[in-house]
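To start, the structure under review is shown below, and the notes come after it.
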Amino acid sequence: MQASGSGHRDVLSQADAEARAARVSNTRYRIALDIAPGAETYRGDVTVAFDLAGTGSLFLDHRGRRIERLEANGQAIPSPDWTGYRLTIPAEVLREGANELHIVYENEYDHSGDGFHQFKDPEDGEEYLYTNFEPYESHRLFPQFDQPDIKASYSLTVTAPSHWELVANSRETGRSDAGGGRSTWTFETTKPFSTYLFALVAGPYAAFRDQHGDIPLGLFCRKSMAKYLDTAEVFEITKQGLDYYAEFFDFPYPFGKYDQLFVPEFNAGAMENVGCVTHNEMMVYRDPPTENQRRRRAEVILHEMAHMWFGDLVTMRWWNDLWLNESFATFMSYLSMTGATRFTNGWQDFSTAIKNWAYRQDQLVTTHPIAGVVNDTEETFLNFDGITYGKGASVLKQLVAAIGMEGFREGMRHYFRTHAYGNATLAQFMQSLEAGSGQALSEWSRLWLETPSLNTLSVQWEADGDRVTSMTLAQTALDEYPTIRPHTLEIGLLRDEGGQMEITAIPARIATAEAVIAEAEGKPRPSLVFPNYGDHAYAKVAMDADSVAWAKENIDRVEDTLLRQLLWSSLWNMTRDAQLKAQDFLELVNTKVVREPDITVVESVLGQASLALTRLLPDAWRPEQAHRLFETAWTGLQAASGDAQIIWARALFGAAESESDLRFVASLADGERTVAGLNVDQDMRWSLATKFVAHGLAGADARLAAEVERDPSDRGSRAKLAAETSRPDAAAKAEAWGRFLGEGYGSFHLTRAAMGGFNWVHQRELLAPYYDRFFADAPGAFTRDEMAFAEAYFLTLFPRYRVDEETMARAERLMAEHGANSPLLTRLVKEANDELARALRCRRFAES
């Protein structure tokens, strides 16, 4: 039976979910899947058992190709009411109490990175499958009640090629011969968990196994990637994390075995499927990784592991509390990383990566509360952002500073004891924290979790000669979001005298617009005052004029690494806010960062310099400033070794824009010029080859062909497509644009890679026809069911190479005409225009 087709989007509203959850309980799924190698489809046979309250029809979520048989309580339903997304069971075949539905169906594999994704390895032709379901994609695999608060147990059997590895949420309990080179796997019935956490991974994966106490551990990746997987370090981090969390939460790992799988064409960084975590294959490093990359991989491993307790064991009731999952896992990953692994400088990375992401998101016009209203699953998609992850984690860090680690830990233990294998809300989470800490937190929750935007902290101080006579800590808020919040922090007083630096940290609390810091009175006159020393507060920092002047002259002399990093971040925020000219920030980078000893600071500042160069400077100034940054990178590279050498080399290849600079780095890639110890890795080579093609340089085709031969992997396939669409050729652009919204390039990830190579600022005249085409074709992109495609279309093809009022007006018109039907389009346009307005302000300020 084919779907009737209603034209509606595949969306579940909170109202429908709440109504269904009030009726459905005690849910169990028995799932049998039949997988044939190389096929375009797979078959499924599922039995859904549940208890039902009340009368009336009931719907299941099911997105598939064909339903072959549907029975309800033993009664056949020959003509199912099925829209292609929603399968409605008529009231007359249902009964109060126990019910059982039986559905036999056929589905197509997905090639979008969501659902049941199918991938063919271009290196060896092998087929790999995996599932990815958050927030609302599990019903692509089998019919179900796809919402977080209808938890269920799952009994799974799968028939597949015998030489494959099959990994699911629970342990394998049996395997039998199915004939024809296939076997049937049976898996242990699971404990209850939400549908979006169901997982199945299948294919000829390379498998690595270990044991930690009574927990079996597994690592899996494609056979062609096995030589790159650092199993020793991943297993080590895994074991350290399991021990840390079991002790911290006073609750042992709840799901039996723990497998981690590195999968291709994955849309996110990782996914916390129960006992079957999927990771983006980018964390299997084909090129030598830096310590920063290894630390960030450790954070992801620990983040997903934290979800086994917070998210999987206890799950939010609805997606408005998504932050309960993500903020907590982010905070706990850094806490455990610094407390249990060799990456003891994790909070420094938290500051550069997580908090700066949050600060940027929270200053956009689309800012929202950490805990807000989410009307449906489509809106959920929009909230996987820097506020849900970064701000939420930063606020938890601030809360721990206020109530103490012991109170926080006891609150978490209370939470898991109370709600294990169930669902919980924000109110219940706060009740547990209050029980653990003994403090009332309802007002804290209202101010921090239920209001948007952020405060700015500053210090006003006076001195009489060499002593401070008064100091006041102040906070401000935007007129649109006037909330004043409680902050627990330290004020850093740095004194530079005779070439020696001393830092005094003064504990401070502020809950109103101003707070007098009496402890500062009588202290030696500081050279610099920093209101968020130690980075405990979540707030922007506005330094006084004397402190700014001192920092610009002496930032490279500050011995405290975290303070140095925070000062760079403050100067960068001043640049983004048009308080420091972009060219002046770049000059600071060019003169100071080559002497920076910490690679995390170097990498962060060079990333900010790249954004200043490409977004905040007038286009006419870009070539000169790009070459200046290129020269700085070359200076840094020649003096560097180890990880610093990799970071400076990446910056050198990234800054190369002119033909002379591109040919200079080509001489490094080709071995004509050498730097002792430097390995020009494949990502650098692809960057260079693509720029040669995009700039139409002599020898571009030969260079591209050489990289294609050097890298026949899926990475190479994506890079080749990006290079091809970057060609400064009208016919190449026309062919590419036709395929973007037509047949595509075989999978979402290949199509996205091709789109990513299309726009170049120096090709503005060539791209002129596609300026209009972007706005004309955008409505079609956003009427597709694949939100990931619509987002990729906008983010890769929006004409950011034009920073002008006309582009903002065109985007506003697009939103006005089509945004009512697409929250995603509305949000993307608002954020793009917000960034354009910021860029325009900064460019005008630079020219003033």
Check: Rg (Å, one decimal) plus Dmax (Å, integer) for the alpha carbons of segment 211-277?
Finding: 12.9, 40
Note to self: Taking amide H atoms as placed 1.01 Å from N in the peptide plane, list the residues 5 or more away in sequence, or in a different chain, whose amide H sits under 5 Å from that of residue 276.
What the structure shows: 259
Checklist line | Given charges at Cβ of Lys, Arg, Asp, Glu: segment 365-516 dipole, positive-most of 423, 383, 367 | finding: 423
Notebook entry, point to check: Which entry in (1) -0.42, -0.58, -1.23; (2) -0.53, -0.70, -1.14; (3) -0.64, -0.78, -1.15 matches log10 I(q)/I(0) by the Debye sum over Cα atoms at q = 0.06, 0.07, 0.10 Å⁻¹ derived from the coordinates of this structure?
Noted result: (1)
Check: Given H placed on each backbone N at 1.01 Å, which residues far from residue 110 in sequence or on other chains put an amide H within less than 5 Å of it?
Finding: 116, 117, 118
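With 12 Å as the cut-off, how large is the P(r) tail for segment 646-700, expressed as percent of Cα-Cα pairs?
Above the 12 Å cut-off, segment 646-700 has 62 percent of its Cα pairs.
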Check: Per the 1.4 Å probe, what fraction of the accessible area of segment 418-518, in percent, lies on carbon and sulfur atoms?
Finding: 48 percent
Next item on the list: Please give the calculated 222 nm ellipticity per residue for the chain, where each DSSP H segment of at least 4 residues contributes -39500 (n - 2.57) and the sum is spread over every residue; nearest 500 deg cm²/dmol?
Entry: -12500 deg cm²/dmol
Item checked: Gyration tensor (alpha-carbon) shape descriptor, segment 600-685, a/c threshold 1.5 -> oblate
Checklist line | For segment 6-61 and segment 244-270, distance of Cα centres in Å | finding: 26 Å
Next item on the list: Report the net charge of residues surrounding residue 823, where surrounding means a beta-carbon distance below 10 angstrom and charges are Lys +1, Arg +1, Asp -1, Glu -1.
Entry: -2
Notebook entry, point to check: Equivalent-ellipsoid semi-axes (√(5λ), Cα gyration tensor) for segment 83-181, whole Å, largest first?
Noted result: 29, 18, 14
Notebook entry, point to check: How big is the charge dipole of the chain about its Cα centre, in debye rounded to the nearest 20, if each Lys and Arg gets +1 on its Cβ and each Asp and Glu gets -1 on its Cβ?
Noted result: 300 debye
Check: Stretch residue 75-residue 231 to full length: gain in nm at 0.36 nm per residue minus the Cα-Cα span?
Finding: 51.0 nm
Next item on the list: Can you spot the aspartates and glutamates whose alpha carbon is less than 13 Å from residue 552's alpha carbon? Ignore those fewer than 8 places along the same chain.
Entry: 544, 584, 587
Margin query: Quick check: residue separation of residue 762 and residue 709 times 0.36 nm, minus the Cα distance between them. What number comes out in nm?
Written below: 16.3 nm
Item checked: Given charges at Cβ of Lys, Arg, Asp, Glu: the chain dipole, positive-most of 293, 476, 769 -> 769
Next item on the list: Would you kindly state how much longer the chain becomes between residue 611 and residue 65 on full extension, computed as 0.36 nm times their sequence separation minus their alpha carbon distance, in nm to one decimal?
Entry: 192.1 nm
Next item on the list: Just check segment 104-151 against the gyration tensor rule for me: Cα atoms, a ≥ b ≥ c as the square roots of the eigenvalues, rounded for a/c under 1.5, and otherwise prolate or oblate depending on whether a/b exceeds b/c.
Entry: prolate
Notebook entry, point to check: Using unit Cβ charges (K, R positive; D, E negative) and no other charged atoms, how large, in debye to the nearest 20, is the dipole of segment 332-489 about its Cα centre?
Noted result: 600 debye
Next item on the list: Using the Karplus curve 6.51 cos²θ - 1.76 cosθ + 1.60 with θ = phi - 60°, work out ³J(HN,Hα) for each residue of segment 599-613 in order, rounded to whole Hz, and write x for Gly and Pro.
Entry: 5, 5, 5, 4, 4, 5, 5, 5, x, 5, 4, 4, 5, 4, 5
Next item on the list: Positive end of the charge dipole of segment 82-158 (Lys, Arg +1 and Asp, Glu -1 on Cβ, about the Cα centre): tell me which of 88, 129, 154 has its Cα farthest that way.
Entry: 88
Check: Normalised by the residues of the chain, what does the relative contact order come to in percent, with Cα pairs under 8 Å and at least six apart?
Finding: 8 percent
Next item on the list: Would you kindly give the portion of the calculated P(r) for segment 464-561 that falls above 19 Å, as a percent of all Cα pairs?
Entry: 44 percent
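Placing +1 at every Lys and Arg Cβ and -1 at every Asp and Glu Cβ, with all other atoms neutral, what dipole size does segment 720-765 have around its Cα centre, in debye to the nearest 20?
Around 120 debye, computed over segment 720-765.
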Notebook entry, point to check: For segment 682-763, how big is Rg over Rh, using alpha carbon atoms and the Kirkwood form of Rh?
Noted result: 0.95
Next item on the list: Rank these residues by their accessible area, most exposed first, probe 1.4 Å: 800, 827.
Entry: 800, 827
Notebook entry, point to check: Hey, what's the chain come to in accessible area per residue, 1.4 Å probe, Å²?
Noted result: 36 Å²
Next item on the list: Would you mind putting 448-458, 708-718, 327-337 in packing order, based on average other-beta-carbon counts within 10 Å, highest first?
Entry: 327-337, 448-458, 708-718
Next item on the list: Could you calculate, for segment 373-485, the ratio of the Cα radius of gyration to the Kirkwood radius, expressed as Rg to Rh?
Entry: 1.09
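Under 1.5 on a/c is rounded, so check that first for segment 568-725, then, if it is not, pick prolate when a/b is larger than b/c and oblate when it is not; a ≥ b ≥ c are the square roots of the alpha carbon gyration tensor eigenvalues.
prolate
The values are calculated or read from the model by the stated rules, or taken from the named source; none is laboratory data. Model, not experiment: these values are computed from the prediction. Cβ sites come from the backbone with ideal geometry, for glycine too, and all protein chains shown count toward neighbours. Heads up: the accessible areas ignore ligands, DNA and RNA and are worked out on the full protein's heavy atoms, side chains in. Shrake-Rupley method; radii C 1.70, N 1.55, O 1.52, S 1.80 Å.
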